[in-house]
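Okay, so here's the structure we're looking at.
Throughout, read-outs are computed from the coordinates displayed, never taken from laboratory work. On a predicted model such as this, the values are computed, not experimentally measured, just so you know. Backbone-built Cβ (ideal geometry, glycine too); neighbour counts: all protein chains shown.
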């Protein structure tokens, strides 16, 4: 008989939390009980999971009693406060915030890349940043064969990463721009920012807060998390992260400088066989991944593979994935699957 | 007394053509007569230039009689056919198509970068591709001081570069997506393409036709034109060009590997003094250029200047300009100004 688990989703009314709950159902995760937790504001609302309505309970320390797996998708501050409590009560926490990602002793896991790292956990396992996950899934199969010496990435990130309100803001701003009306901006570059920018028909070269070194936090996440997941503290990653007026699905232009020769055809063959990757690369028929086609999928899509002749062994890739699914919910559930 | 010239704008009913005519007026270009030429379809329509209505005439070989400067903004095929005819009749042609750009004996000029090249013309001077112009204006002041060894650029390009119909398509597609109606796609990646893609709430990693080598033509333009303008046939440029759902104004994430040290502060000082550049770089106040703010301006805006530590001397820039103005019309008029 398969062992069955008590599972909680914390932040279950958010977009990622709802996706997590539904993925647990869709992927037949062996849960006995599924507890949906959220803030007091959302408590007593109901969420549909696999056709069944669940009543949302208020998150509290007591709510973790008897829970085996707790999937967290809440603000970092709240994760920091509640995850250790859940662990104390015996739960394994899979946390989607950035709170613990760079902590020693907390595995940062992408199942296609570093599945063995899960076993080192002390109760908390971190789910990496969305834009990092899709990139490492795409580059790891190439790195294992040809060695990446340096990586330069520019991102084209959807507003769903900034939450449901940001998606609604993109809709209403778009309508107002088209009708030549005044617009309201509250969520881009991020909620509570000193200055807010229009995202409709615009691009905003900032995600998350700005750091002292002139990088925004999303860029530093890509740089630092990639090093940790790949197990290479000196891996040279340069990132520019940009928000674009896309509802859902992040895209990335990735430039690789390799140790050894790797032809585009060889790279295509490697990616065709790689776990979690779908090759979508036929320039002859103008076929490459784009966010509107990839939203809702669980894999990482790669196209526009071509040589970069400015270095001895260079390669360009275009990488697209659903940031709410593989970039967050799917990866979290896959981490738990490694443990059961 | 200032000499005065007979000037023609060919393709005067297009967006770039109209901008050219108006810039000639705004910048007090010394014209005696201004002749607006277009296809037979647009002949006899009228175009407003500086408050005065001009009747559009049909383009023909005869129309170039007595013309000193002819500004062309038409398809490459038409330029190829008509520009030599205009030259035969004594005109200097400033051509905005890609028809002659890489021809030996045809100067490819960005006045802030290689103004002296104009003097080598044999009747035709080419205006570079929009995304190339703004990039070389931004990097040249840094190159002169610290030497660029290698450049990796990813673009975020507006639909105005694909013409007025593409802008209308972005509007109508956006409306239809918001109202959950069917959409029509005819202009992206380009008119007449074997497959057309949605651009509203999407990003499309292709501009212009796809080439045999897996690059799209816009990428090859950036690579080859940059080499010619900078006068460095071996200049290593790697480009990924992407269309984004922005009406007007191209953005570029530019990564530079330099020969010598150049701190972000030194780079800012160089760009502050550089001709045609506006420095807009204060991460503390979340200030950086974005297309909605830069559309309608004649300068190239640069921000998000920061060190790239993955190479000995690395630097990142974010470059935004109005692709119809500095990327096309303004640069063309500036070329003519060099000659008068």
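Would you tell me the mean number of C-beta atoms belonging to other protein chains that fall within 10 Å of each C-beta in B:240-251, as a whole number?
5
Count the DSSP beta bridges whose two residues both fall in segment A:139-298, then state the antiparallel fraction as a percent rounded to the nearest 5.
70 percent
Please work out which residue of chain B brings its Cβ closest to the axis of the rotation superposing B onto A, and round that distance to whole Å.
Result for the B and A rotation: B:154, 2.
Return an integer: the convex hull volume of the alpha-carbon atoms of the protein assembly as shown, in Å³ per residue.
159 Å³
Take the Cβ-Cβ distance between residue B:194 and residue A:62 as r, set R0 to 56 Å, and report the resulting FRET efficiency rounded to the nearest 0.05.
Computed FRET efficiency for residue B:194 and residue A:62 comes out at 0.35.
Could you tell me how many cubic angstrom of Cα convex hull volume segment A:114-193 has per residue?
Per-residue hull volume (Cα only) is 162 Å³.
So what's the Cα pair-distance distribution over segment B:252-340, bin width 5 Å, in %?
Per 5 Å bin, starting at zero, the Cα-Cα P(r) for segment B:252-340 comes out as 3, 14, 21, 21, 18, 12, 8, 3, 1, 0 percent.
Quick check: the distance between the Cα centres of segment B:92-144 and segment A:60-81, to the nearest angstrom?
60 Å
Per the Kirkwood treatment, what hydrodynamic radius in Å, one decimal, follows for segment B:1-52 from the mean inverse distance over all distinct Cα pairs?
For segment B:1-52, the Kirkwood estimate is 11.4 Å.
Modelled label-to-label distance, residue B:168 and residue B:122, 7 Å Cα→beta-carbon offset: nm?
4.1 nm
Out of all Cα-Cα pairs in segment A:132-323, roughly what percent, to the nearest whole number, are more than 30 Å apart?
The proportion of pairs with Cα distances above 30 Å equals 24 percent.
Roughly how crowded by other chains is peptide A:315-327, in terms of the mean Cβ count from those chains within 10 Å of each of its Cβ atoms?
For peptide A:315-327, the averaged partner shielding equals 1.
Given a Förster distance of 60 angstrom, what is the FRET efficiency for residue A:45 paired with residue B:145, based on the Cβ-Cβ distance and rounded to 0.05?
0.50
What's the ranking of A:232-241, A:293-302 by average number of surrounding C-beta atoms within 10 Å, highest first?
Ranked by mean Cβ neighbours within 10 Å, highest first: A:293-302, A:232-241.
Considering all projection directions equally, how large on average is the shadow of the alpha-carbon convex hull of segment B:1-100, in square nanometres?
6.1 nm²
Using mean Cβ contacts within 10 Å as the protection proxy, how do B:97-105, A:20-28 order, highest first?
Sorting B:97-105, A:20-28 by mean packing, highest first, produces A:20-28, B:97-105.
Order of A:74-84, B:42-52 by packing, highest average Cβ count within 10 Å first?
Peptide ranking by packing, descending: A:74-84, B:42-52.
For peptide A:150-158, how many partner chain Cβ atoms fall within 10 Å of a residue's Cβ, on average?
Whole-number average of other-chain Cβ neighbours for A:150-158 is 6.
Inter-copy label distances at residue B:191, 7 Å along the Cα→beta-carbon direction, one decimal in nm, shortest first?
4.6
Could you work out [θ]222 nm for chain B from helices alone, using -39500 (n - 2.57) per DSSP H run of at least four and dividing by all its residues? Round to the nearest 500 deg cm²/dmol.
The per-residue figure over chain B is -8500 deg cm²/dmol.
Label points 7 Å out from Cα along the Cβ direction at residue B:234 and residue A:340: separation in nm?
6.0 nm
Cut-off is 10 Å between beta-carbons; in what order do B:335, B:223 appear when sorted fewest neighbours first?
Least crowded to most crowded, the residues run B:223, B:335.
So what's the Cα pair-distance distribution over chain A, bin width 10 Å, in %?
6, 25, 33, 25, 10, 2, 0
Report the calculated FRET efficiency for residue A:80 and residue A:186 (r = Cβ-Cβ distance, R0 = 30 Å), to the nearest 0.05.
Efficiency, from the Cβ-Cβ distance: 0.75.
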